[in-house]
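*Asks:* Starting off with a structure, shown below.
The values are calculated or read from the model by the stated rules, or taken from the named source; none is laboratory data. Source: prediction; values computed, not measured. Glycine gets a Cβ as well: all are built from the backbone with ideal geometry, and neighbour counts include every protein chain shown. The area values use the complete protein model at the heavy-atom level, side chains included, leaving out ligands, DNA and RNA. Shrake-Rupley method; radii C 1.70, N 1.55, O 1.52, S 1.80 Å.
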Amino acid sequence: MAEIIVVTSGKGGVGKTTTSASIACGLARRGKKVAVIDFDVGLRNLDLIMGCERRVVYDFVNVTQGEATLKQALIKDKRFETLYVLAASQTRDKDALTKEGVEKVLKDLSDDGFDFVVCDSPAGIEKGAFLAMYFADQAIVVVNPEVSSVRDSDRILGLLDSKTRRAENGESLKANLLLTRYNPARVEGGEMLSIKDVEEVLGLKTLGVIPESGDVLNASNKGEPVILDLESPAGQAYDDTVARLLGEDRPLRFTTLEKKGFFSKLFGG
């Protein structure tokens, strides 16, 4: 059975699609067979970040409505043999996806030997977000360390606890926290919430902390998920996150402010 992971948040622009792409690449780099699906009907972005936008012929909605087979719509990644992308439709209405259609696609992927299916959810609580989370086995809740992002994510946690198939069956859905755009200097200056602050408000354990970095935008613009840049702190942090997702014990990095030594202060280093 494929493990279905939803990458979700309450607020837009926090880095869900970047996270979905990096998590999928990280799992594939470790030899797992992975499909990553864009649930944001009408606002397709995953294919851009994955660098396969010119290869989209059929999309998720085409498959759910029987206009194309899953095999026709899955785009095989050029970097990893075991990684596939299913793009969202840019032209359909958000109501084009159905619960039955999504369930069939996920079942077919599982039957086809996929280890993981990463569902890139739209922000908020509309239909696409509900369908992205409904069949999930676990959730990665992406949060910026600011009050509005944390508050909106608290509402998403309520839906994960009540509106998923696992919740309906009386089972719990494992949810982890992923903090993005974390800046230790701003945390120390009181301009940003700390990891502990966010964990206490949401009641979640931190799976990863991604430092604020221009590398993320640069990577997205090149169609190369930032996890592939292991020189980048953000890329390294995403790689640590994938390792923890698979059960490895890795310490959190890039979360504390480096203290300057005497000579650094003296010479402006």
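*Asks:* Output the residues belonging to segment 74-93 that are buried (at least 16 other Cβ atoms within 10 Å of the Cβ) and either farther than 15 Å from Val34 by Cβ or not charged (D, E, K, R) (or both).
*Replies:* Residues satisfying the conditions are Leu74, Ile75, Phe80, Thr82, Leu83, Tyr84, Val85, Leu86, Ala87, Ala88, Ser89, Arg92.
*Asks:* Right, another one. Take Leu207 and decide whether it is assigned to a strand (DSSP E or B), touching a Leu at 6+ places or on another chain (Cβ under 7 Å) and in contact (Cβ under 8 Å) with a residue 12 or more places away in the chain.
*Replies:* yes
*Asks:* Need pairs with beta-carbon distance below 9 Å; first residue under 12 Å from Pro225 (Cβ atoms) and open to solvent by 20 Å² or more (accessible area, probe 1.4 Å) and within segment 33-49, second of a type in the set (D, E, K, R) and assigned to a loop (DSSP other than H, G, I, E, B); sequence gap 6+ or separate chains.
*Replies:* Cβ pairs passing all conditions: Ile49/Glu224.
*Asks:* Give the residues of segment 144-170 that are farther than 14 Å from Gly124 by Cβ and within 16 Å of the chain's Cα centre (by Cα), sorted by residue number.
*Replies:* Asn144
*Asks:* Would you tally the residues in segment 1-26 being over 20 Å from Phe135 (Cα atoms) and either at pLDDT 95 or above or in contact with a helix residue (DSSP H, G or I) (Cβ under 8 Å, 6 or more places away or on another chain) (or both)?
*Replies:* Of the residues in that region, 7 qualify.
*Asks:* Condition first: open to solvent by less than 70 Å² (accessible area, probe 1.4 Å) and within 18 Å of the chain's Cα centre (by Cα). Can you find one or more residues in segment 56-64 that meet it?
*Replies:* Among the residues of segment 56-64, at least one is open to solvent by less than 70 Å² (accessible area, probe 1.4 Å) and within 18 Å of the chain's Cα centre (by Cα), which makes the answer yes.
*Asks:* Can you tell me which residues in segment 52-78 are free of Cβ contacts under 8 Å to residues at least 12 places away in the same chain and in contact with a strand residue (DSSP E or B) (Cβ under 9 Å, 6 or more places away or on another chain)?
*Replies:* Lys76
*Asks:* How many residues are in contact with a Lys or Arg (Cβ under 9 Å, 6 or more places away or on another chain) and hydrophobic (A, V, I, L, M, F, W, C) if we restrict to segment 71-102?
*Replies:* Count: 7.
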